[in-house]
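Enquirer: Have a look at this one.
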Amino acid sequence: MTDFVPLTIAILTVSDSRTLETDTSGQALIEHLAGAGHLLGERALVRDDRYVLRAVVSRWIADPKIQVVISTGGTGLTGRDSTPEAIKPLFDKEIEGFGELFRAVSYDEIGTSTLQSRALAGLANGTVIFCLPGSTGACRTAWTKILEPQLDRRHRPCNFVELLPRFQEPAS
């Protein structure tokens with residue numbers, strides 16, 4: 001049996017109106033990751049500005065201690081929502097199935113409104129990045145139905161931990 005491996009996860013909230021004190025989505029993600037046995041590497045809250053977003057995430061993907069980045073907010077269709085435009089250029093590979101699966105599981109909770117989510121994920125410099133909507137419910141859904149099992153090395157037949165350079169077996 002494979003042992004659980006705690007990952008170091010950075011949480012980024014994208015919002016023009018929240019503060020760290022009123023950020024229920026970021027706080028929920030922190031509680032979920034801690035409850036699962038993972039470590040909070042860093043937390044930040046930034047305004048919805050693609051260049052500020054990109055700078056924070058770029059710093060985290062350059063940091064070998066940060067293995068996972070989860071952002072919340074800025075994935076909608078309103079004028080200032082720019083998380084996909086900010087983060088997608090950083091990806092070495094996009095995980096297309098993440099957005100598709102997130103919208104599929106969200107459909108059970110919010111119906112066709114899930115069409116307005118531009119949730120996405122990808123790999124950048126050996127770091128897994130997930131961009132979630134800003135609602136606390138969306139963060140809960142993504143964590144419980146997708147992220148928690150996929151960030152657990154024991155999950156089979158495969159999981160995201162196996163994609164992280166530190167956990168890959170050497171080539172023979």
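Enquirer: Among DSSP bridges having both ends in the chain, what percentage is antiparallel? Round to the nearest 5. Provide the component values of the computation, followed by the final result.
Expert: Details: 7 of 24 bridges.
Approximately 30 percent, going by the DSSP bridge assignments.
Enquirer: Please list, in order along the stretch 102-116, the HN-Hα scalar couplings obtained from phi with the Karplus expression 6.51 cos²θ - 1.76 cosθ + 1.60 (θ = phi - 60°), rounded to whole Hz, x for Gly and Pro.
Expert: Result, rounded to whole Hz: 4, 5, 5, 6, 5, 4, 4, 9, 10, x, 5, 4, 4, 4, 7.
Enquirer: Separate question: Along Cα→Cβ, 7 Å out, is where each label goes; now give me the distance between the ones at residue 16 and residue 3 in nm to one decimal.
Expert: Distance between the two pseudo-spin positions: 4.8 nm.
Enquirer: Which whole-number value in Å² is the accessible area per residue of the chain, probe 1.4 Å?
Expert: That works out to 50 Å² for each residue.
Enquirer: I need to check one value: relative contact order of the chain, counting alpha carbon pairs closer than 8 Å and at least 6 residues apart, in percent.
Expert: This gives 25 percent for the chain.
Enquirer: Under a Cβ-only charge scheme (Lys and Arg +1, Asp and Glu -1), can you give me the dipole magnitude of the chain about the Cα centre, in debye to the nearest 20?
Expert: Here the size comes out at about 160 debye.
Enquirer: What is the dipole size for the stretch 1-77, taken about its Cα centre, with +1 at each Lys and Arg Cβ and -1 at each Asp and Glu Cβ, in debye to the nearest 20?
Expert: 220 debye
Enquirer: Go ahead and collect, in residue order, the members of the stretch 113-136 whose backbone nitrogen is under 19 Å from a label point 7 Å along the Cα-Cβ direction of residue 62.
Expert: 123-129
Enquirer: Could you work out how much longer the chain between residue 85 and residue 100 gets when fully extended? Use 0.36 nm per residue separation minus the Cα distance between them, nm to one decimal.
Expert: On the way: separation 15, 0.36 × 15 = 5.40 nm, distance 1.76 nm.
Taking 0.36 nm per residue and subtracting the Cα distance, the gain is 3.6 nm.
Enquirer: Using helices alone, what [θ] at 222 nm do you get for the chain, with -39,500 (n - 2.57) per DSSP H run of 4 or more residues, divided over all residues and rounded to the nearest 500?
Expert: -9000 deg cm²/dmol
Enquirer: Does anyone have the angle between helix 50-62 and the longest principal axis of the chain? Alpha-carbon axes, 0 to 90°, nearest 10?
Expert: For 50-62 against the chain, the angle is about 10 degrees.
Enquirer: Hey, if you put +1 on the Cβ of every Lys and Arg and -1 on every Asp and Glu Cβ in the stretch 1-127, which of 53, 15, 123 ends up farthest toward the positive end of that dipole?
Expert: 53
Enquirer: On to the next question. Only one of the values (1) 37, 17, 14; (2) 24, 18, 16; (3) 29, 18, 14 was calculated from this structure for semi-axes √(5λ) of the Cα gyration tensor in Å; name its label.
Expert: Matching entry in (1) 37, 17, 14; (2) 24, 18, 16; (3) 29, 18, 14: (2).
Enquirer: What is the gain in length, in nm to one decimal, between residue 155 and residue 136 on full extension, counting 0.36 nm per residue of separation less the C-alpha to C-alpha distance?
Expert: Additional length available on full extension: 4.4 nm.
Enquirer: Ok, one more. Roughly to the nearest percent, how much of the accessible area of the stretch 1-76 is carbon and sulfur, given a 1.4 Å probe?
Expert: Roughly 54 percent of what the probe reaches on the stretch 1-76 is carbon or sulfur.
Enquirer: How much length is gained if the chain between residue 125 and residue 148 is pulled fully straight, taking 0.36 nm per residue apart and subtracting their Cα-Cα distance, in nm to one decimal?
Expert: 6.1 nm
The values are calculated or read from the model by the stated rules, or taken from the named source; none is laboratory data. The structure displayed is predicted, hence computed values, not measured ones. Cβ: placed from backbone, ideal geometry, glycine included. Neighbour counts: every protein chain shown. Protein only, heavy atoms only, side chains kept; ligands, DNA and RNA dropped before computing areas. Shrake-Rupley method; radii C 1.70, N 1.55, O 1.52, S 1.80 Å.
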